[in-house]
Each structure stands twice: as C-alpha cells, then as structure tokens.
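Below you'll find the structure, written out as structure tokens, and then a few comments.
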Amino acid sequence: MFDNFNLELFGHLMLSNPPSPILRDFQRQKLYRFEEARLQMHPSNQHLSLPECTALARKYNPRIKVKDGRGRRHAGASFQDNLITLPRWARQTVIVLHEIAHTLVDDRKYPHHGAEFVGVLFALLNQESIGTIPELCEAANQSKLRYDRNWIYRYPHQTRRSARL
Ligand SMILES: [Zn+2]
C-alpha cells in the first residue's frame, strides 16, 4: 500500500486525504533544483553500493530499513515505516542523505520538504563534508531556499527516538 509511502513526486497525490495547507509541500522543486545545481557535483558526493547506502543510513538512524528500489523511477522514504527505497540512480551520498532526512522529520507535523527538513538535511550534509553550514546557508539564501536554523542544530538530539539510541 502506498498510503503512508512518500514517493518523491507523487506523494501527496496518493494520500487519501489532502494535506492541510500548513503542510503544503511548498518548496519541493526548489530543493530538487538546489541539490542538482549545488550539491550533486560536490566531490564528496559519491556513488555508493546498496550496502554502503545502508551503512550511511544507519549512522544517522540506527533502525532504518533500506529497500532495494531497483527498477523504480523515484527514490522514496516513509517516516512512519522508518524506511527508504533506493533505485540505482539514487545511490549517491546527497540523495541517500535526503531520504534519511525524511525518516528523521515527521511529515505529519512538518511540510515534506519544508524549512525544518532542509535544516536536518544541512546537518547531515555537513557531517558528510558536503559543504559547511555557513556555505550551505549562503547557497540556500542565494536560491531563496528556506531552512530552519534551529533544526540544523537540533540533529541528532531531538529528532527520531531511534536516532538517540
Ligand atoms: Zn524528498
């Protein structure tokens, strides 16, 4: 069932109830463009095998489930199921961190790619040496991409319970 499975492009279309206005996925395309233009060519963005993706994911979310999404068009993540799904193209550091971040930010409380999500993503990118926090924030400012500074520093202390174990 796809009910609580957030496909990157079609997530909200598949939900049985429309999201409340406050949870509108207002900057999804902007974030995708930002990742393509600013992050994916970074030298620390590496191609990874599926076991390497799993090791990376468990560093930040010890109980995460990583599914082989071979043949799927879109990468996916579910906060509720604590699960990410990775087609071959998505097995690169930036995309894996993006999907991990979805398992750390509850999309029933915060917009799917909102400022809180981007804050957690920046914390993970910084941990993996894909830009410093000041560099990422400056790039985001130039792209008018919203991020919540509190959530950059919130990780790993107050995100998912399993991430604290
Ligand atoms: Zn996403």
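The values are calculated or read from the model by the stated rules, or taken from the named source; none is laboratory data. As the structure is a prediction and not an experimental result, all values here were calculated from the model. No Cβ is skipped: glycine too gets one built from the backbone with ideal geometry, and neighbour counts run over all protein chains shown.
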Among the candidates R28, R38, residue that is modelled with pLDDT of 95 or more, under 25 Å from D68 (Cα atoms) and either under 16 Å from the mean Cα position of the chain (by Cα) or of a type in the set (A, V, I, L, M, F, W, C) (or both): R28
Region 118-148: number of residues that are in contact (Cβ under 8 Å) with a residue 24 or more places away in the chain and either over 13 Å from L39 (Cβ atoms) or buried (at least 22 other Cβ atoms within 10 Å of the Cβ) (or both): 14
